[in-house]
Amino acid sequence: MSIKTPKLTVVGAGPGDEDLITLKAIKAIESAEVILYDALINESLLRYASDDTELIFVGKRRGCYAFQQEQINELIVSKAIEKGHVVRLKGGDPFIFGRGAEEIDYVRHFGLETFVVPGISSSAAVPAYQGIPLTKRGASESFWVITGTTKQHKLSADVRLAAKSTATVVVLMGMGKLAEIVKIFSAENKQDTSIAIIQNGTRANENVGIGSIRTIEKIVKEKQLANPAIIVIGDVVKERAILSSIFTEVAEG
């Protein structure tokens, strides 16, 4: 019986559409002895796993954690020592608010080999699926990607800095802080700035609300928008109607 080398591959599963996963990610899933996967991944991706692969859900749903982060770290190590190759499958890109770096830092102390497979980040892909470019000449020269909720469960202070800029602002995990975000942008006299909220982005059940800082809270209630959702703020949101019509023509053609 051969002894397998304990190793961890942190894999980005993309934003939700199962086709938005890389070939390298699929190869990692196929070679895994154990897969620890989060709630935001498309579970259809697990079909690439071997029949012998142990699948463990370690994500969060409706405020309930299947495992705390410390438990996940310990589980990665124990499973790698027991079985060999562990794949940690995360939504989007594992190094963009995915805690992938934290897990790698932890397991390296136990001598595990570590690898990373980048994923397509929801911060760019979800707006793109709605025809919203994060940058466009004449509209936005840069963009911020900010977590809506910090480790202390507070809104990131970077939102205040971003609100003062002309950049596109993308807020992940920010629906619970929407009222606070609206207040910050309103204080910068940006009540008429365009904003999009995209729930379940790139998936079949995608739900979208488009409005302004002034109107978005009402739109959220009307359309019953909730997490998981991405908030996009800036003039580029106005490009949605133009690009969406182009996408429709291409699809119909």
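Got at least one residue in the range 62-80 being in contact (Cβ under 8 Å) with a residue 60 or more places away in the chain and in contact with a strand residue (DSSP E or B) (Cβ under 8 Å, 6 or more places away or on another chain)? Yes, because at least one residue in the range 62-80 is in contact (Cβ under 8 Å) with a residue 60 or more places away in the chain and in contact with a strand residue (DSSP E or B) (Cβ under 8 Å, 6 or more places away or on another chain). Looking at the range 1-60, which of its residues are of a type in the set (A, V, I, L, M) and under 14 Å from the mean Cα position of the chain (by Cα)? Within the range 1-60, Val11, Ala13, Leu20, Ile21, Ala39, Leu40, Ile41 qualify.
Mind listing just one residue for me: the one in the range 216-239 that is open to solvent by 70 Å² or more (accessible area, probe 1.4 Å) and either at pLDDT below 95 or not in a helix (DSSP H, G or I) (or both) and, of those, nearest to Ala163 (Cα to Cα)? This residue is Asp235.
Each row is one residue, and each column tells you yes or no for (1) of a type outside the set (S, T, N, Q); (2) open to solvent by less than 20 Å² (accessible area, probe 1.4 Å); (3) outside any helix (DSSP H, G or I).
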| site | (1), (2), (3) |
| --- | --- |
| Ser123 | no, yes, no |
| Pro133 | yes, no, yes |
| Thr149 | no, no, yes |
| Gly176 | yes, no, no |
| Ile181 | yes, yes, no |
| Ala196 | yes, yes, yes |
| Asn205 | no, no, yes |
| Arg214 | yes, no, yes |
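Inspect the range 86-95 for any residue being open to solvent by less than 30 Å² (accessible area, probe 1.4 Å), aliphatic (A, V, I, L, M) and touching a Gly at 6+ places or on another chain (Cβ under 8 Å) and give the result as yes or no. Among the residues of the range 86-95, not one is open to solvent by less than 30 Å² (accessible area, probe 1.4 Å), aliphatic (A, V, I, L, M) and touching a Gly at 6+ places or on another chain (Cβ under 8 Å), which makes the answer no. Checking each residue in the range 87-137 for being among the aromatic types (Phe, Trp, Tyr) and closer than 26 Å to Thr53 by Cβ picks out Phe95, Tyr106, Phe110, Phe115. Checked against (1) polar (S, T, N, Q); (2) touching a Ser or Thr at 6+ places or on another chain (Cβ under 9 Å); (3) open to solvent by 40 Å² or more (accessible area, probe 1.4 Å), Thr22 passes all but a single condition, namely (2). If you go through the range 25-48 and keep only what is open to solvent by 20 Å² or more (accessible area, probe 1.4 Å) and under 20 Å from Asn73 (Cβ atoms), you end up with Glu33, Tyr37, Asp38, Ala39, Leu40.
Contact map, the range 211-233: residues that are without any contact (Cβ under 8 Å) to a residue 60 or more places away in the chain paired with residues that are assigned to a loop (DSSP other than H, G, I, E, B) and open to solvent by less than 50 Å² (accessible area, probe 1.4 Å), Cβ distance under 6 Å, separation 6+ or inter-chain. Pairs shown: Ile213/Lys190; Ile213/Thr193.
The values are calculated or read from the model by the stated rules, or taken from the named source; none is laboratory data. What you see is a predicted model; the values in this text were computed from it and never measured. Counting neighbours? That spans all protein chains shown, and the Cβs are built from the backbone with ideal geometry, glycine included. Ligands, DNA and RNA are excluded from the accessible area calculation, which covers all protein heavy atoms including side chains. Shrake-Rupley method; radii C 1.70, N 1.55, O 1.52, S 1.80 Å.
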